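Q: Pasting a structure here, questions to come.
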Amino acid sequence: MSKSSFESEIRNFYTDLNLEEDRVDHILDAGQFAASARRWKKIAITASVGLAAMTLLAISLFLKSPLQDQPVANSVSPPERTSSPKQSTVAQATKMNNGVKNQEMDSESVASSVEYRLVAFRSHSNACPHCRATGEVYHELEESLEDTPLKFIEFDLSDPRLRQKTDQRINELQLTPLIDGRSETAFIALTGVDGKPIQEFKPSMGTKQIAKQVRKLIER
C-alpha cells in the first residue's frame, strides 16, 4: 500500500467521524512526525551499536598489538671511558709481567714433571773414536726417546776454557760423583733428578738396545 493511499484511508476515517478538516490535518501531521521520530530512533540505535562494536574491536586490536610496535624513546648510551696513556702503559706492563709469571710457572711445572735425566760425558773431541761414538749414539737417543719424560744433558769436558763453568753445572745437578776418580769419561748414564745414577751405557750397546733399556727403566 502506498503512502498516499494510507493517508487517504486515515483522512476518510476521521472525516466519517465528522471531524473538521483542520483537525484531520493535525492528526496526519502528528502521525507523520511520530513515524519519522521512530525511524530516526532506530537509525540512532543502530549507529550507536555499530560505533560501540567498532570501539571494542579497536581496543582489542590495540591490546593484541606487540610491544615493539609502540614508540620507544631513543636512549643515549654514555660515552665509553678512554684510558689515559699512563693507564695503558701500566696495563700493558701488568699484562707482560703476568705473561712472564705464567711462563715461569709453566717451566716449573715441566721441570717438576721430569723424573729422569739422560746425561752424556765426553772428555775428548771427535778425534777420539770412543768419545765420537758416545756423542753420535747420544744424539740418536735424543730423537728416539723424544716422547719420554727425559731431560737430555751433554757435557763436553774437552774445552779447558769452559771447564770451570762445566764443572760448576755438573756440581749443581749433583752429578760430580759420576766422574770423580774416573780415568775414562766418555759414557751415557740414566740418573734421577737428584743425580743418583740408575744405569750406565756404553755406546757399543747401540742406540736401539740402549733406548729399549731406558724405556724399561723409566716405565717401572
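The values are calculated or read from the model by the stated rules, or taken from the named source; none is laboratory data. Here the structure is a predicted model, which means the values were calculated and not measured. These accessible areas exclude ligands, DNA and RNA; they are computed on the full protein's heavy atoms, side chains included. Shrake-Rupley method; radii C 1.70, N 1.55, O 1.52, S 1.80 Å.
Q: Just to check, using Stokes-Einstein with a Kirkwood Rh over alpha carbon pairs, what's the diffusion coefficient of segment 116-219 at 25 °C and 0.890 mPa s in µm²/s?
A: 178
Q: Related question: Taking a 25 Å limit on the Cα-Cα distance, which of the listed pairs Lys41/Lys64; Lys151/Lys212; Lys151/Lys196; Lys151/Lys216 fall beyond it?
A: Distance filter (> 25 Å) returns Lys41/Lys64.
Q: Now a separate question. With both bridge residues required to lie in segment 116-219, what share of the DSSP beta bridges run antiparallel, to the nearest 5%?
A: Of the beta bridges lying entirely in segment 116-219, close to 60 percent run antiparallel.
Q: Students sometimes get this wrong: rank Asp194, Asp159 by accessible area, probe 1.4 Å, all chains present, largest first.
A: Asp194, Asp159
Q: With all protein chains present, how much of the accessible area of segment 169-220 (probe radius 1.4 Å) comes from carbon and sulfur, to the nearest whole percent? It would help to have the intermediate numbers written out before the result.
A: Values: 1470 of 3040 Å².
In segment 169-220, the share of accessible area belonging to carbon and sulfur is 48 percent.
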